[in-house]
Amino acid sequence: MVMMKNFTENLEEKKEKATQEELKLINILIGLHEKYKFNDVQYDVSIETSERTILVCTGKIGNLIGKQGTIIKELPKKNNKPVRIIEKSKDVKKMAQDLLGNTPVDSANKIYSTEGEQNKIIISQKMPETKISELENILEKILETKTKIEINTK
């Protein structure tokens with residue numbers, strides 16, 4: 001079994017390569033960790049959108065949410081923006097569903113072509129092209145693979 005680093009140690013390592021926005025969130029998370037003493041979760045990356053902050057972590061995400069959501073309720077207040085937590089995993093469909101929230105994900109497939117590997121996410125709810133493009137960019141950052149979202153017209 002691989003031991004996870006202490007949450008604060010993990011964050012301190014991420015500070016070196018962090019953007020200003022990420023640095024702000026990392027400092028908020030360090031403060032919350034000092035207050036609530038959660039562990040068994042690792043910060044991977046955060047992504048800022050016009051609407052919210054996407055926080056991508058590995059491990060026991062429930063520890064970061066806290067009992068009865070105490071931590072996740074406090075995080076947006078300190079960050080001045082809603083926060084969505086996504087568990088980084090190999091399950092692309094689950095990660096897409098976590099990001100999309102109430103929008104159902106019909107399928108998630110890996111496509112191999114002469115242009116290389118990419119993820120194809122199929123959803124059944126229509127949304128503006130600008131929103132789809134933003135979600136594709138977020139998923140590409142999280143998955144580190146080109147990602148295309150398509151609407152199921154059937």
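The values are calculated or read from the model by the stated rules, or taken from the named source; none is laboratory data. Keep in mind that this is a model prediction, so the values were computed, not measured. Backbone-built Cβ (ideal geometry, glycine too); neighbour counts: all protein chains shown.
Find the residue count for the range 33-51, including only residues that are basic (Lys, Arg) and either at pLDDT below 90 or crowded, with 16+ Cβ neighbours inside 10 Å (or both).
Within the range 33-51, the first condition is being basic (Lys, Arg), and the residues that meet it are 35, 37.
Remaining after also requiring either at pLDDT below 90 or crowded, with 16+ Cβ neighbours inside 10 Å (or both): 37.
Final tally of qualifying residues: 1.
Can you name every residue in the range 88-121 that is under 17 Å from Asp44 (Cα atoms) and of a type in the set (Asp, Glu)? First the steps, then the outcome.
First, the residues of the range 88-121 that are under 17 Å from Asp44 (Cα atoms): 88-92, 94-96, 98-99.
Matches in the range 88-121: Asp91, Asp98.
Pick out the one residue from Ile72, Ile30, Ile26, Ile47 that is assigned to a helix (DSSP H, G or I), outside the structural domain of Lys141 (by TED's automatic domain parsing) and under 20 Å from Met95 (Cα atoms).
On the way: Ile30 fails: under 20 Å from Met95 (Cα atoms); Ile26 fails: under 20 Å from Met95 (Cα atoms); Ile47 fails: assigned to a helix (DSSP H, G or I).
Step by step, each of Ile72, Ile30, Ile26, Ile47 is checked, and only Ile72 is assigned to a helix (DSSP H, G or I), outside the structural domain of Lys141 (by TED's automatic domain parsing) and under 20 Å from Met95 (Cα atoms).
The conditions are (1) more than 24 Å from Thr130 (Cα to Cα); (2) in contact with a Gly (Cβ under 8 Å, 6 or more places away or on another chain); (3) not acidic (Asp, Glu), and Arg84 fails exactly one of them. Which is it?
Among (1) more than 24 Å from Thr130 (Cα to Cα); (2) in contact with a Gly (Cβ under 8 Å, 6 or more places away or on another chain); (3) not acidic (Asp, Glu), the lone unmet condition for Arg84 is (1).
Let me confirm something: among Ile54, Ile30, Ile65, Ile72, which residue is surrounded by fewer than 17 Cβ atoms within 10 Å (Cβ to Cβ) and hydrophobic (A, V, I, L, M, F, W, C)?
Values: Ile54 fails: surrounded by fewer than 17 Cβ atoms within 10 Å (Cβ to Cβ); Ile65 fails: surrounded by fewer than 17 Cβ atoms within 10 Å (Cβ to Cβ); Ile72 fails: surrounded by fewer than 17 Cβ atoms within 10 Å (Cβ to Cβ).
Unique residue meeting the criteria: Ile30.
Just to be sure before I move on: is Ile86 hydrophobic (A, V, I, L, M, F, W, C) and within 26 Å of Leu25 (Cα to Cα) in the structure I sent? Reasoning before the result, please.
Values: hydrophobic (A, V, I, L, M, F, W, C): yes; within 26 Å of Leu25 (Cα to Cα): yes.
Yes, satisfied.
Residue-by-condition table, conditions (1) assigned to a strand (DSSP E or B); (2) polar (S, T, N, Q); (3) touching a residue at least 60 places away in the same chain (Cβ under 8 Å); (4) under 25 Å from Ala18 (Cα atoms):
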| residue | (1), (2), (3), (4) |
| --- | --- |
| Thr58 | yes, yes, no, yes |
| Leu64 | no, no, no, yes |
| Gln68 | no, yes, no, no |
| Lys77 | no, no, no, yes |
| Asp106 | yes, no, no, no |
| Lys110 | yes, no, no, no |
| Lys131 | no, no, no, no |
| Glu136 | no, no, no, yes |
